[in-house]
Amino acid sequence: MPHPELDSTSLAYSGTIPPHSQMAARSRRFGWWYYTETYLRGMRAYALPILFYAVGQPLLYLIAMGVGLAALVSGGVGSVDGVDYLTFVAPALLVSTVVMSVSGEMTYPVMSGFKWNRLYYGPAASPVSPGQIAVGHFTAVCLRFLIQSFIFWVVMVAFGAAPQVLMSLLLVPLGVLAAMAFGAPLQAYAATVKDEGFQFTFVQRFIVMPMFLFAGTFFPLSVMPIYLQWIGWISPVWHGTQLARVASYGAPVEPWLIAVHLLFLIVCVVGGLTVAVRVYRGRLTA
């Protein structure tokens, strides 16, 4: 429960406000969360489409994979990675879906905060720092996709595509981690774009789609020509997918390689968010 002195509704009815110094101190300390809450409240305007998307996409994907493509693969090559094709592809679809979806929240909404709606400038004029605004936007998006990942996992379990049911719950944070690893650098880049053009279309066509198609989502990366495997090696989708398959059905991945996958994703998150904070600070204090 919020403290009565800090609850805006209670303040409105009481006619009293805390000292300005106290309010400013709390904003400097918790400004990132205040902006997170603001952004999440804004998402309520399109909450129903988000829910339909979160439920409908895994249903359509898994029906297509389980009833359509999986039957063809099973009738041809049989199992993949020692499991049926639906079990193989489902955790990869969770990861790739969340990673692709995060691109929508880290491109035009970021530009809108600086250029169109200019929603960043109001908080920046308060004790909330530009870095907290960047972190708040990032946190709100991560919380949204935490829910989306959980819904996808529930659908996977319903389809019997997660043999290690309890262990496969790790797919939820792993999917979000992969999305963060792509979303943080993308947020940093989007914050540098000052005029709309083809930049974000380029990102979708030449970065997002190749990650979806060539990062081991639908087949093991090792079966691809060596000159294309590098797409997976530098892709958060592949690293997240490998970890997700370990959690979902116990894919045979060496422990040292699991550490490499985790390290790659964490470095992308920390590095991308660090650059994003610097770019936000530069633009909002100029």
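The values are calculated or read from the model by the stated rules, or taken from the named source; none is laboratory data. Since the structure is predicted, the reported quantities are computational estimates derived from the model, not experimental observations. FYI the Cβ positions are ideal-geometry reconstructions off the backbone, even for glycines, and counts take in every protein chain you see.
Screening region 246-286 for residues that are in a loop (DSSP other than H, G, I, E, B) and more than 23 Å from Ala162 (Cβ to Cβ) and picking the one that is farthest from the chain's Cα centre (by Cα) gives Ala286.
Close contacts from region 175-197, counting a first residue that is within 21 Å of Gln242 (Cα to Cα) and a second that is of a type in the set (D, E, K, R) and surrounded by fewer than 24 Cβ atoms within 10 Å (Cβ to Cβ), with Cβ to Cβ under 9 Å and a gap of 6+ residues or different chains, come to Gly183/Glu105. Applying the condition of being more than 22 Å from the chain's Cα centre (by Cα) and among the aromatic types (Phe, Trp, Tyr) to region 194-229 and asking which residue is nearest to Gly104 (Cα to Cα) yields Phe198. Only residues that are closer than 23 Å to Gln22 by Cα, assigned to a helix (DSSP H, G or I) and among the hydrophobic types (A, V, I, L, M, F, W, C) were counted in region 103-129, giving 1. For region 222-245, a tally of residues being aliphatic (A, V, I, L, M) and outside any helix (DSSP H, G or I) returns 2.
Is it true that Val203 is part of a helix (DSSP H, G or I) and under 19 Å from Val237 (Cα atoms)? It is true that Val203 is part of a helix (DSSP H, G or I) and under 19 Å from Val237 (Cα atoms).
State whether the residues of region 179-202 include one that is of a type in the set (Phe, Trp, Tyr) and surrounded by fewer than 14 Cβ atoms within 10 Å (Cβ to Cβ). Before the answer, list the steps.
First, the residues of region 179-202 that are of a type in the set (Phe, Trp, Tyr): 182, 189, 198, 200, 202.
After this cut, where a residue has to be surrounded by fewer than 14 Cβ atoms within 10 Å (Cβ to Cβ) as well, the list is 198, 202.
For region 179-202, residues of a type in the set (Phe, Trp, Tyr) and surrounded by fewer than 14 Cβ atoms within 10 Å (Cβ to Cβ): present.
Listed by first and then second residue, the pairs with beta-carbon distance under 7 Å, at least 6 apart or on different chains, first residue in region 265-280 and within 17 Å of Val99 (Cα to Cα) and at pLDDT 95 or above, second among the polar types (S, T, N, Q) and assigned to a helix (DSSP H, G or I), are Gly272/Gln187. Of all residues in region 135-163, those that are under 19 Å from Leu62 (Cα atoms) have Cβ atoms under 8 Å from Cβ atoms of residues that are in a loop (DSSP other than H, G, I, E, B), 6 or more apart or on another chain, in Trp153/Ala162; Met156/Ala162; Val157/Val165; Pro163/Gly250.
Of all residue pairs spaced 6 or more apart or on separate chains, those with beta-carbon atoms under 6 Å, a first member in region 221-233 that is in contact (Cβ under 8 Å) with a residue 12 or more places away in the chain and a second member that is in a loop (DSSP other than H, G, I, E, B) and surrounded by 10 or more Cβ atoms within 10 Å (Cβ to Cβ) are Gly232/Ala215; Gly232/Gly216. From Val154, Val141, which residue is β-branched (Val, Ile, Thr), on the phi < 0 side of the Ramachandran plot and surrounded by 24 or more Cβ atoms within 10 Å (Cβ to Cβ)? Going through Val154, Val141 in turn, the sole match is Val141.
Here the condition is being at pLDDT below 85, closer than 25 Å to Ala124 by Cβ, surrounded by 10 or more Cβ atoms within 10 Å (Cβ to Cβ) and touching a Phe, Trp or Tyr at 6+ places or on another chain (Cβ under 8 Å); of Ser74, Ser27, it holds for Ser27 alone.
In region 77-96, the residue that is modelled with the highest pLDDT out of those that are of a type in the set (S, T, N, Q) and within 29 Å of Gln204 (Cα to Cα) is Ser96. Would you check if Gly131 is farther than 30 Å from Leu60 by Cβ and touching a Lys or Arg at 6+ places or on another chain (Cβ under 7 Å)? Taking the combined requirement at face value, the residue satisfies it.
Given the structure, is Phe219 surrounded by fewer than 21 Cβ atoms within 10 Å (Cβ to Cβ) and part of a helix (DSSP H, G or I)? Break it down stepwise before answering.
Details: surrounded by fewer than 21 Cβ atoms within 10 Å (Cβ to Cβ): yes; part of a helix (DSSP H, G or I): no.
The answer is no for Phe219.
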